[in-house]
Amino acid sequence: MVKLLILGPPGAGKGTQAARLAGFYNVAHVSTGEILRSNVARQTPLGIQAKEYMNRGDLVPDSLIRNMIEDRLAQPDTKIGWILDGFPRNINQASFVDELLSKKMVLKGESDPGDGASRFLAVNLVLSDEVLVKRLLARGRADDNEETIRRRLQVHNQETEPLIEFYRSRDRLVSVEGDRSVDAVTQALKEAIDSSYYVEK
Ligand code: AMP
């Protein structure tokens with residue numbers, strides 16, 4: 001069963017790769033950015049609260065994200081595995097991942113592989129800032145203007161980048177060079193996933 005966290009800066013291709021891998025491994029693709037954008041479009045209470053943060057390029061508060069991800073992972077399609085795209089974004093959110101997994105393990109009576117958390121792998125897409133800015137400007141999403149892009153990269157470096165060390169120190173991290181063709185990145189990700197102890201075969 002594949003359970004993955006896709007890390008990497010804005011513009012790295014997380015969404016594209018997560019969708020491809022979810023299709024290939026037949027697991028749920030959970031994108032917090034997509035769920036938020038859908039809530040903004042439908043003007044739900046969550047969307048109304050999240051919009052101002054997203055427009056500035058800031059992270060939406062953890063309390064909102066926590067409820068949202070808990071609801072999403074309670075849906076039946078995630079039972080067969082999942083790929084989390086855009087979550088966790090900071091150390092506090094990474095601790096929700098641990099909490100949610102340990103809750104689920106208790107509920108399902110899953111055996112513990114030995115280190116207190118169920119198996120999952122964090123994959124990190126690596127790209128230079130220069131390439132990212134070019135890609136984001138070409139993409140043209142509502143929050144892809146120059147000022148917001150700069151802010152999103154800054155937020156990434158301050159809040160999300162520490163997750164790389166967090167998962168590396170727990171031996172859960174693989175890094176993949178992201179500045180190549182979509183197919184080449186997908187191939188490298190599959191190889192990393194298929195050879196990892198932290199993916200149940
Ligand atoms: P993304 O589609 O992952 O690039 O996310 C777009 C925007 O949604 C981000 O710039 C944040 O404002 C917000 N967002 C997405 N995921 C999260 C998250 N896990 N925590 C906080 N904010 C998030």
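The values are calculated or read from the model by the stated rules, or taken from the named source; none is laboratory data. Bear in mind that the values here come from a model prediction, so they are computed numbers and not experimental data. Cβ coordinates were reconstructed from backbone atoms using ideal geometry, including for glycine residues, and neighbour counts include every protein chain displayed. SASA here: full protein model, heavy atoms, side chains in, ligands and nucleic acids out. Shrake-Rupley method; radii C 1.70, N 1.55, O 1.52, S 1.80 Å.
With a cut-off of 9 Å between beta carbons, the residues surrounding Phe96 carry a summed charge of -3, where Lys and Arg count +1 and Asp and Glu -1. If R0 is 45 Å, the Cβ-Cβ spacing of Glu200 and Glu146 corresponds to a FRET efficiency of close to 0.55. Label separation (Val126 vs Lys79): 4.0 nm, computed from points 7 Å beyond Cα along the C-beta direction. Note on surface exposure: Leu100, Leu7 rank Leu100, Leu7 by accessible area, highest first, 1.4 Å probe. Sequence-distant contacts, meaning Cα pairs under 8 Å at least 6 residues apart, place the relative contact order of the chain at 33 percent. Packing, as the average of other Cβ atoms within 10 Å across residues, places the peptides 81-93, 182-194 in the order 81-93, 182-194, highest first.
With helices as the sole contributors, the chain gives -16500 deg cm²/dmol at 222 nm; each DSSP H run of n ≥ 4 counts as -39500 (n - 2.57), and the sum is divided by every residue. For Lys134 and Ile164, the difference between the fully extended length at 0.36 nm per residue and the C-alpha to C-alpha distance is 8.5 nm. With a cut-off of 15 Å on the backbone N, the residues of segment 119-144 near the modelled label site 7 Å out from Asn157 along Cα-Cβ are 127-134. Once a ≥ b ≥ c are taken as the square roots of the eigenvalues of the Cα gyration tensor of segment 2-194, is the result rounded (a/c under 1.5), prolate (a/b larger than b/c) or oblate (a/b not larger than b/c)? In terms of gyration-tensor shape, oblate. Once the C-beta distance of Asn92 and Lys190 is scaled by a Förster radius of 22 Å, the resulting FRET efficiency is 0.10 to the nearest 0.05. Ordering Val133, Pro76, Thr32 by Cα displacement along the dipole of the chain toward the positive end leaves Pro76 in first place; charges were set at the Cβ atoms of Lys, Arg (+1) and Asp, Glu (-1).
At a 1.4 Å probe radius, carbon and sulfur cover how many percent of the accessible area of segment 1-150?
After summing per-atom areas, the C and S share lands at 53 percent.
In segment 15-47, whose amide N lies under 20 Å from the spot 7 Å out along Cα-to-Cβ of Val182? List them in ranges. So the set is 15-35.
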